[in-house]
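Reading through the structure tokens given below for one structure.
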Amino acid sequence: MEQVKCECGHVNPIGTVLCEACGKPLEEVPALLDMRYEGSARRSQTYNKTIIDKIWNFFSSVKVGVWLIVITLVASAIGTIYPQQMYIPPTVSPAEYYEQQYGLLGKWYYALGFHDLYSSWWYMLLIALIGVSLVICSLDRVVPLYRALNNQRVTRNEQFLQRQRLFSRAKVKHDETAFRNVVDKLTKRGYRVREENGNILAEKGRFSRWGPYVNHIGLIIFLIGAMLRFVPGMYVDENMWIREGEIKEIPGTNGKYFLENKKFIFEVYEKEKEKERKRKN
């Protein structure tokens, strides 16, 4: 990887807009700085040569992630038009049932796999692609943000300060007294204050910068859970009919577990008898 050395001495990865240490612009930037990633280099905006770079850049796009979610939502909505296979009579063939009940639309509904939507391979593929998009989007932004926050110094370049959205300059008579007052007030308000060469850097609520990526982690865990239904033994949806006195193998256990019906008891709740029983007690 090529690197760019700033005049402050810090070595930045190629593609870095603002020096990770002092904040000096390393290339032409607008009057107001974009502080989302502190000007750090993102992989998707730096490399576009190999097939891996192109795949990474494709999935790192927020638009791609949004379109994948929209397509999945549309497919999920279509899956609710007709009942899923689990809700049709078990004695009939699904292919015949959908065609007889809903005509040509029902035939295509079955052919495209909408009758068993949440277990179809293409629906699981959509879920997997959303997961890949979330992972790549997060890594493409988390790594430069972490590097920028970890490398930032207290002493900043004057151009970095002048191009912030809020910037002001003032003169005071007693520099040291005013400086200590500012530090004390920021500390009392819960700011984490760092000092260096007569400069201060005060931070508060730094964890909020990681908020979107915490949400991404939650979504990734949710998607992994949805895909586990394809892992043998992680998802079982079977019915068992056991007569009184019979012993049958529990589906999906490979002969390890069995269930015995020793006695069948049918009880009916009768409201009047229950009231009478409570009065006697």
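Taking the conditions exactly as written (outside any loop (DSSP other than H, G, I, E, B), within 30 Å of residue 131 (Cα to Cα) and within 38 Å of the chain's Cα centre (by Cα)), does residue 200 satisfy them or not? No: the conditions fail for residue 200.
Here is a yes/no grid of residues against (1) within 30 Å of residue 188 (Cα to Cα); (2) under 35 Å from the mean Cα position of the chain (by Cα); (3) among the small types (Gly, Ala, Ser); (4) not in a loop (DSSP other than H, G, I, E, B):
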{"residue": "218", "(1), (2), (3), (4)": "no, yes, yes, yes"}
{"residue": "226", "(1), (2), (3), (4)": "no, yes, yes, yes"}
{"residue": "248", "(1), (2), (3), (4)": "no, no, no, yes"}
{"residue": "253", "(1), (2), (3), (4)": "no, yes, no, no"}
{"residue": "256", "(1), (2), (3), (4)": "no, no, no, no"}
{"residue": "269", "(1), (2), (3), (4)": "no, no, no, no"}
{"residue": "272", "(1), (2), (3), (4)": "no, no, no, yes"}
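Take residue 148 and tell me if it is within 33 Å of the chain's Cα centre (by Cα) and either at pLDDT 85 or above or within 30 Å of residue 71 (Cβ to Cβ) (or both). Answer is no for this residue. If you check residue 204 against the conditions, is it in contact with a Phe, Trp or Tyr (Cβ under 6 Å, 6 or more places away or on another chain) and either free of Cβ contacts under 8 Å to residues at least 24 places away in the same chain or outside the structural domain of residue 119 (by TED's automatic domain parsing) (or both)? So residue 204 fits the description; yes. Scanning the stretch 139-162 turns up no residue that is outside the structural domain of residue 22 (by TED's automatic domain parsing) and in a helix (DSSP H, G or I). As a summary of the residue check, residue 74 satisfies the conditions (1) touching a residue at least 24 places away in the same chain (Cβ under 8 Å); (2) outside any loop (DSSP other than H, G, I, E, B); (3) under 29 Å from residue 130 (Cα atoms) except for the one numbered (1).
Yes or no: residue 244 outside the structural domain of residue 146 (by TED's automatic domain parsing), of a type in the set (D, E, K, R), in a helix (DSSP H, G or I) and surrounded by fewer than 12 Cβ atoms within 10 Å (Cβ to Cβ)?
Working: outside the structural domain of residue 146 (by TED's automatic domain parsing): yes; of a type in the set (D, E, K, R): yes; in a helix (DSSP H, G or I): no; surrounded by fewer than 12 Cβ atoms within 10 Å (Cβ to Cβ): yes.
Against the criterion (outside the structural domain of residue 146 (by TED's automatic domain parsing), of a type in the set (D, E, K, R), in a helix (DSSP H, G or I) and surrounded by fewer than 12 Cβ atoms within 10 Å (Cβ to Cβ)), residue 244 does not qualify.
Screening the candidates 116, 175 for the property of being over 25 Å from residue 193 (Cβ atoms) and surrounded by fewer than 19 Cβ atoms within 10 Å (Cβ to Cβ) yields one hit, 116.
Quick grid of which residues meet (1) under 22 Å from the mean Cα position of the chain (by Cα); (2) among the β-branched types (Val, Ile, Thr):
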residue: 62; (1), (2): yes, yes
residue: 70; (1), (2): yes, yes
residue: 77; (1), (2): yes, no
residue: 99; (1), (2): no, no
residue: 102; (1), (2): no, no
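The residues of the stretch 162-172 that are surrounded by fewer than 18 Cβ atoms within 10 Å (Cβ to Cβ) and in contact (Cβ under 8 Å) with a residue 12 or more places away in the chain, listed by number, are 164, 165.
Within the stretch 43-90, the set of residues being under 21 Å from residue 108 (Cα atoms) and among the polar types (S, T, N, Q) comprises 72, 76, 80, 84, 85. Across the stretch 26-48, the number of residues qualifying as within 32 Å of the chain's Cα centre (by Cα) and farther than 28 Å from residue 135 by Cβ comes to 4.
Restricting 44, 61, 40 to those that are farther than 30 Å from residue 157 by Cα, in the same structural domain as residue 151 (by TED's automatic domain parsing) and either exposed (fewer than 15 other Cβ atoms within 10 Å of the Cβ) or of a type outside the set (Phe, Trp, Tyr) (or both) reduces the list to 61.
The values are calculated or read from the model by the stated rules, or taken from the named source; none is laboratory data. Note that this is a predicted model, so its numbers are computed, not measured. Cβ coordinates were reconstructed from backbone atoms using ideal geometry, including for glycine residues, and neighbour counts include every protein chain displayed.
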